[in-house]
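Here the structure is laid out as structure tokens; the discussion comes afterwards.
The values are calculated or read from the model by the stated rules, or taken from the named source; none is laboratory data. Computed from a predicted structure; not experimentally measured. Here the Cβ positions follow ideal geometry from the backbone for every residue, glycine too, while neighbour counts run over all protein chains shown. What goes into the accessible areas is simple: the full protein's heavy atoms, side chains included, and nothing from ligands, DNA or RNA. Shrake-Rupley method; radii C 1.70, N 1.55, O 1.52, S 1.80 Å.
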Amino acid sequence: MDPALRSYGPTRLLAGLTTLMLVVAVGSIVVMSAFRLTAVTLGWGEDISVHQRMDAEMLEGWPTDVVQPETVAVTVRLRGKASDSLLALGRDLPVVLLFAAGLWLLRSVAHSTLDGDPFTGDNVRRLRLLGFLLLFGVPLAGIVSQLFEDALARNSSVPGLSSASSGWVIVIRISAWIAALGVFVLAQLFAHGVALRDDIEGTV
Amino acid sequence: MAVPSEQGITVHLDEILERRGMTLIELAERVDVTVVNLSVLKNGRARAVRFSTLAALCEALGCQPGDILSYVD
């Protein structure tokens with residue numbers, strides 16, 4: 001067997017990376033939540049970026065060969081009230097929470113490999129859960145975020161703009177579903193590994 | 001006395017070792033199998049035996065597979 005395949009180096013690297021990203025994700029959740037809840041509690045307003053769409057005809061000077069779309073994506077600065085900070089938190093939190101949950105599962109799988117035994121029922125369950133997070137969690141988080149975004153957009157004072165709901169939500173779901181398929185395949189490989197390992201155990 | 005495994009296979013290693021005047025540790029060294037694994041085999045807790053292990057045992061003990069293993073329905 002190729003000695004490189006036995007090296008724990010890549011696994012340590014991946015375990016370290018997932019841990020680092022998890023720390024960043026959790027840190028973001030804590031900071032974001034603390035800031036926005038403090039803003040709500042103390043009645044601060046804050047500048048909130050709201051994603052909306054603008055009629056492309058409102059723009060002038062399109063180059064000749066450029067195909068002019070119906071609408072263009074814009075980011076509007078909303079000088080929000082305290083309640084808008086809550087809406088912004090509701091918009092931003094679902095995706096980051098989902099990201100943190102996925103990283104937690106991946107980190108657990110990577111660390112079980114460092115512990116010497118990745119082919120366990122626990123890892124099969126973790127990978128399947130990750131698959132379901134991608135399959136259902138991503139679209140759901142996208143929808144929840146979009147609902148809060150739309151609520152923020154209604155408070156936007158710029159005339160002529162519409163909600164940002166568009167095909168990008170569908171694009172995210174498709175890529176997430178493809179990733180989910182990959183993860184489910186990986187979970188089945190692990191399940192097969194558990195069965196193979198089980199067969200070998202007790203073999204003299 | 002040899003205890004049959006849950007599959008009904010009885011391993012007669014104890015009896016053969018006693019006849020040969022050999023210890024389990026000596027046998028383990030000769031067949032290159034750990035004492036732990038030989039103990040698992042001897043006590044009927046093994047789930048499978050490799051042909052290579054069986055052949056090594058037969059060579060070390062000077063016997064046939066049927067001398068080491070028997071089946072009780």
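Which count do you get for residues in region A:125-134 that are over 11 Å from the mean Cα position of the chain (by Cα) and open to solvent by less than 50 Å² (accessible area, probe 1.4 Å)? Full working, then the answer.
First, pick out the residues of region A:125-134 that are over 11 Å from the mean Cα position of the chain (by Cα): A:125-132.
Now narrow it down to the ones that are open to solvent by less than 50 Å² (accessible area, probe 1.4 Å): A:127, A:130-131.
The total comes to 3.
Quick test for you: out of A:Ala110, A:Ala100, pick the one residue that is among the small types (Gly, Ala, Ser) and more than 30 Å from A:Ile200 (Cα to Cα). Unique residue meeting the criteria: A:Ala100. Applying the condition of being open to solvent by less than 40 Å² (accessible area, probe 1.4 Å) and of a type in the set (A, V, I, L, M, F, W, C) to region A:143-168 and asking which residue is modelled with the lowest pLDDT yields A:Ala164. Considering only region A:45-61, I want to know if a residue exists there that is open to solvent by 70 Å² or more (accessible area, probe 1.4 Å), touching a residue at least 12 places away in the same chain (Cβ under 8 Å) and within 27 Å of A:Met21 (Cβ to Cβ). Looking for residues that are open to solvent by 70 Å² or more (accessible area, probe 1.4 Å), touching a residue at least 12 places away in the same chain (Cβ under 8 Å) and within 27 Å of A:Met21 (Cβ to Cβ), one finds at least one in region A:45-61, hence yes.
Please report, ordered by residue number, the helices (runs of 4 or more DSSP H) entirely within chain B with at least 1 residues that are exposed (fewer than 12 other Cβ atoms within 10 Å of the Cβ) and within 14 Å of chain A (Cβ to nearest Cβ).
Values: elements: B:13-20, B:24-31, B:35-42, B:51-61, B:65-68.
The qualifying helices (runs of 4 or more DSSP H) are B:35-42, B:51-61.
Candidates in region A:169-196 are the residues that are modelled with pLDDT under 85 and surrounded by 13 or more Cβ atoms within 10 Å (Cβ to Cβ); of these, the one that is farthest from the other protein chains (Cβ to nearest Cβ) is A:Val169. For region A:70-91, filtering for residues that are open to solvent by 40 Å² or more (accessible area, probe 1.4 Å) and under 21 Å from A:Phe136 (Cβ atoms) leaves 0.
Does A:Val31 meet the test of being under 30 Å from A:Thr113 (Cβ atoms) and open to solvent by 80 Å² or more (accessible area, probe 1.4 Å)?
In short, no.
Residue-level check: of (1) part of a helix (DSSP H, G or I); (2) closer than 28 Å to A:Ile29 by Cα; (3) not hydrophobic (A, V, I, L, M, F, W, C), A:Ser156 misses just (1).
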